[in-house]
Structure formats: C-alpha cells, structure tokens
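Participant: Submitted below is the structure of interest, expressed as structure tokens.
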Amino acid sequence: MAKDLMEEVEEALNCSLKEMEERRKKSPYLLTPEEDGQNFPIPDLIGGRRLILVDNQTKIPSEELTFGIVTFEPRTSIHKKHSHVNCEEIMYIISGRGIGGVGELATEQRAGDTIFAPKGVEHWFLNPFDEPLTMLWIYTKASLREAGYALESRGYAEIDIEKEYSEVKE
C-alpha cells in the first residue's frame, strides 16, 4: 500500500546525508544545473551563461516546455533584441537586477520580478549593474527550434539539433 505524505516526509527526514544523496541520484525527476544543465550558447547572448535543464532532448525530456537558467555577469552581459514567433516566454529573476524591455518599454527588472514576453513580441535584457543577475525562464515549446527563436538582425530558426547538443558542458 502506498505511504501517505507524512510517512514519506518522516522517512526522508530520518535519512543520513549519504542516504539522501543516494535518493537524489536515483530520482528520475530531479535535476541540478551543475550536473544536468546543458550549456547552450546562442548568438547575441553576450557575457551570460545559459543552461537548459528541460527540453525535448534533455535527461528528462519534455513534450511541451523548455526550461532553463541564465546568469548575466555584472556590467558585461546583454541579450540582444529577439523574439520567439511560435511561443511565449516567462522569466523569473532569482537574484540581481538589470534593464530589460518587452515591446517598446524598458524597465529595471529585479529579484522577485516575473517578466512575460508574448508570442512574437521583441524582448531584450542588459545587466549594467555591479552584481550578477540570475533568472529562470520557460518557453511554451519543447525546443528552440519549435519556439521559432528569431533575432532582430537575423533568423535563428534553422537550429542544428546535433550541433546544439554536441557540447553538453563546457
């Protein structure tokens, strides 16, 4: 018979650190950026490091979403104007602050903010401040290709899946 929630919590709380690490490694649905994130450089993301944790090609494949984390280094990072013609994007700032725009209006964006970029609407981000900024992001499609990722200066819809995933980590 299945354990109830409190029994599962009690069992987990009584594990040693070693046992908990073994449980974490066994879980098919637990990812960490350091171990599982795929470093996925893209054109026009300068001074930032973006890791994809879930999409249709990752350890835990998704049929519907792409999810990742990006860090923008202080005073040197910019993600140039771009849009996703086939999907929406949601970004959540974990730490730091920067200047970004969705559509025509630029704003200061900071820890705790959620930013929504509608399908096809141009958006961008710059970190001119002295501290790094880290944000989570989700595309409503399972890959960059499906998202229809496009840059202001050139199309980026022709994505080579083999090349994309050949360098899983730096």
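Participant: I need the GluC sites (Glu not before Pro) found in region 73-115, filtered to DSSP loop residues with at most 15 other beta carbons within 10 Å of theirs.
Facilitator: Hits after loop and neighbour filter: Glu104.
Participant: Whole-Hz ³J(HN,Hα) for each residue in region 61-73, computed from phi via Karplus 6.51 cos²θ - 1.76 cosθ + 1.60 with θ = phi - 60°, x for glycine and proline: what do you get?
Facilitator: x, 10, 8, 10, 10, 10, 9, x, 9, 9, 10, 9, 5
Participant: Then there is this: Using the heavy atoms of the protein chains alone and a 1.4 angstrom probe, what is the accessible area of the chain per residue in square angstrom? Write out the running numbers ahead of the final one.
Facilitator: Working: 10270 Å² over 170 residues.
Value for the chain: 60 Å² per residue.
Participant: Same structure again: Amide H neighbours of Ser62 under 5 Å, counting only residues 5+ apart in sequence or on other chains, H built in-plane at 1.01 Å?
Facilitator: Sorted by chain and number, the residues that satisfy this are Asp55, Asn56, Gln57.
Participant: So, with a 1.4 angstrom probe, what is the percent of accessible area on the chain that is carbon and sulfur?
Facilitator: 54 percent
Participant: Oh, and also: Starting at the first residue of region 122-128, write each ³J(HN,Hα) from the Karplus equation 6.51 cos²θ - 1.76 cosθ + 1.60 with θ = phi - 60°, in whole Hz, x for Gly and Pro.
Facilitator: For region 122-128, the Karplus curve yields 5, 8, 7, 7, 9, 10, x Hz.
Participant: Moving on. Please give the calculated 222 nm ellipticity per residue for the chain, where each DSSP H segment of at least 4 residues contributes -39500 (n - 2.57) and the sum is spread over every residue; nearest 500 deg cm²/dmol?
Facilitator: On the way: 5 runs with 31 residues, N = 170.
Rounded to the nearest 500, the figure is -4000 deg cm²/dmol.
Participant: Apply the Karplus parameterisation 6.51 cos²θ - 1.76 cosθ + 1.60, with θ equal to phi minus 60°, to every residue of region 44-52 and state each ³J(HN,Hα) to the nearest whole Hz, in sequence, with x for glycine and proline.
Facilitator: Once rounded to whole Hz, the list reads 6, 10, 10, x, x, 10, 10, 10, 8.
Participant: Could you work out how far apart the two model spin labels at Ala106 and Leu30 are, taking each label as a point 7 Å from the Cα in the direction of the beta carbon, and quote it in nm?
Facilitator: Calculated label separation equals 4.3 nm.
Participant: Considering every Cα-Cα pair within the chain, what fraction, in whole percent, is farther apart than 26 Å?
Facilitator: 36 percent
Participant: Relative contact order for the chain: what is it in percent, counting Cα pairs under 8 Å that are at least 6 residues apart?
Facilitator: On the way: 368 pairs, mean separation 39.5, N = 170.
Relative contact order here is 23 percent.
The values are calculated or read from the model by the stated rules, or taken from the named source; none is laboratory data. Since this is a predicted model, take the numbers as computed values, not measurements. Please note: Cβ atoms are built from the backbone with ideal geometry, for glycine as well, and neighbour counts cover all protein chains shown. Heavy atoms of the whole protein, side chains included, go into the accessibility calculation; ligands, DNA and RNA do not. Shrake-Rupley method; radii C 1.70, N 1.55, O 1.52, S 1.80 Å.
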